[in-house]
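Structure first, then comments.
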């Protein structure tokens, strides 16, 4: 199967332009990257022939990214330390109470996502709240090993820290039809009610809620750490895995040779996008939804659209809607892991093993340098977890739907899914008590080379073979020099 994508270089150029326009990339590095990619494109056959028109379009896409970032900076206010009145239309899950403040993040009508430093004496936003307070820059990291508040909240797409000093008004009812930002509240509260009525204990109830809605507020801190160290934290964040579980059955209509039956998959596509919006529209889920939509359009039109093309379209849309998205840790991990998976699915043999290896090793530089740990048992755990989580997801979906018509049967299915989750978490916890789940690191820079080697190997069918070898050799040299410096 052909694995290159003609749109991919232009998507990369657009991301580079956005990164440069937002000040995250200097001129020297931008020119060097554009020159290197142009040289590789000219010197090697990059899927299709080099031409002056195509490279001019490549540079124009970079300029377009710079322009989009400029518009974003000019039209979107940034923290100024002054008093502002924000209408908070949604508050995302996992608010943490620490001392006199409650920490979390949410969406405002005026400036988009902001981080909250909410005084505990004020009512925390539930549905829709208008509050007055100070809007400031993120604090600088005081110590290298301390928690990086700025990096965490910027990874969520937040632009600053909002500290309220008073609440003006709070809405009592959820404006579900008028405001799509209220849909995640309605969906999460509905699922919480279903799980509570079924009597599912913690931490299984928290896992079921996180798996179905992306809300991790019910998951205990120890359980979150357990999944992170096991290399399965992606199960708690709504992504392509969850989108696939939701839409796998309706999208089977796409396999039919009859066009009328293929169009029935439109129902499944609608369910997927409704699920994405209900989960708060994280970029990882939006990326999956766009790729599925592009694939459906290809099937409906009778043309085969390569997965890489859908990947490039998703990269374009995400960066165009929010130029800050490429700088966010969650977006980077989602796109890098997906690219690694696309690089190995062309060969259907042993995909259950090759997919977690590709995703984990490609994102190794991010996990090592950000979390300072590397999962040891990620491969067997992800292989075992795939059928278990798929079964739990099917029970949650069917149980929550049947519960609307027959509560006894619906609750029985939810309880059964809760029992499976409970036993699985207990087994993982008992394994953790006798074996270390992750390798703790003092510095993760040496693993940047490992990720580069992996990327060069994975994309050898997408980028020129010689370029892949140069990338791998450069990474090996980088890792060797870094190791020598550490030893010396």
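The values are calculated or read from the model by the stated rules, or taken from the named source; none is laboratory data. All values reported here derive from a predicted model rather than from experimental measurement. Quick reminder, even Gly has a Cβ in these numbers, built from the backbone with ideal geometry, and neighbours come from all protein chains shown.
Which numbered condition trips up residue 245, out of (1) within 19 Å of the chain's Cα centre (by Cα); (2) at pLDDT 80 or above?
Among (1) within 19 Å of the chain's Cα centre (by Cα); (2) at pLDDT 80 or above, residue 245 violates only (2).
Restricting attention to the range 49-75, report how many residues are at pLDDT below 85, under 15 Å from residue 23 (Cα atoms) and either under 25 Å from the mean Cα position of the chain (by Cα) or surrounded by 12 or more Cβ atoms within 10 Å (Cβ to Cβ) (or both).
Number of matching residues: 2.
Residues that are at positive phi, in the same structural domain as residue 381 (by TED's automatic domain parsing) and either out of contact with any helix residue (DSSP H, G or I) (no Cβ under 8 Å at 6 or more places or on another chain) or surrounded by 21 or more Cβ atoms within 10 Å (Cβ to Cβ) (or both): does the range 343-353 have at least one?
yes
crowded, with 18+ Cβ neighbours inside 10 Å and either at pLDDT 80 or above or within 28 Å of residue 236 (Cβ to Cβ) (or both) - does that describe any residue in the range 253-260?
No.
So is residue 332 under 20 Å from residue 20 (Cα atoms), touching a residue at least 12 places away in the same chain (Cβ under 8 Å) and assigned to a helix (DSSP H, G or I) or not?
Judged against the criteria, residue 332 is a match.
Given the criteria modelled with pLDDT under 85 and not assigned by TED's automatic domain parsing to the domain that holds residue 130, does residue 98 qualify?
Spelling it out, it is not the case that residue 98 is modelled with pLDDT under 85 and not assigned by TED's automatic domain parsing to the domain that holds residue 130.
Restricting attention to the range 302-329, and to residues there that are without any contact (Cβ under 8 Å) to a residue 24 or more places away in the chain and part of a loop (DSSP other than H, G, I, E, B), which single residue is farthest from residue 287 (Cα to Cα)?
Looking at the filtered set, the residue picked out is 303.
Among the residues of the range 205-235, which ones are within 16 Å of the chain's Cα centre (by Cα) and either part of a loop (DSSP other than H, G, I, E, B) or under 13 Å from residue 333 (Cβ atoms) (or both)?
Within the range 205-235, 214, 215, 216, 228, 231, 232, 233, 234 qualify.
Only one of (1) modelled with pLDDT under 85; (2) more than 26 Å from the chain's Cα centre (by Cα); (3) outside any loop (DSSP other than H, G, I, E, B) fails for residue 88. Which number is that?
(2)
Quick check: anything in the range 136-154 buried (at least 20 other Cβ atoms within 10 Å of the Cβ) and either under 25 Å from residue 393 (Cα atoms) or modelled with pLDDT of 80 or more (or both)?
Scanning the range 136-154 turns up no residue that is buried (at least 20 other Cβ atoms within 10 Å of the Cβ) and either under 25 Å from residue 393 (Cα atoms) or modelled with pLDDT of 80 or more (or both).
Which residue out of 79, 93 is part of a loop (DSSP other than H, G, I, E, B), modelled with pLDDT of 75 or more and surrounded by 15 or more Cβ atoms within 10 Å (Cβ to Cβ)?
Exactly one of 79, 93 is part of a loop (DSSP other than H, G, I, E, B), modelled with pLDDT of 75 or more and surrounded by 15 or more Cβ atoms within 10 Å (Cβ to Cβ), namely 79.
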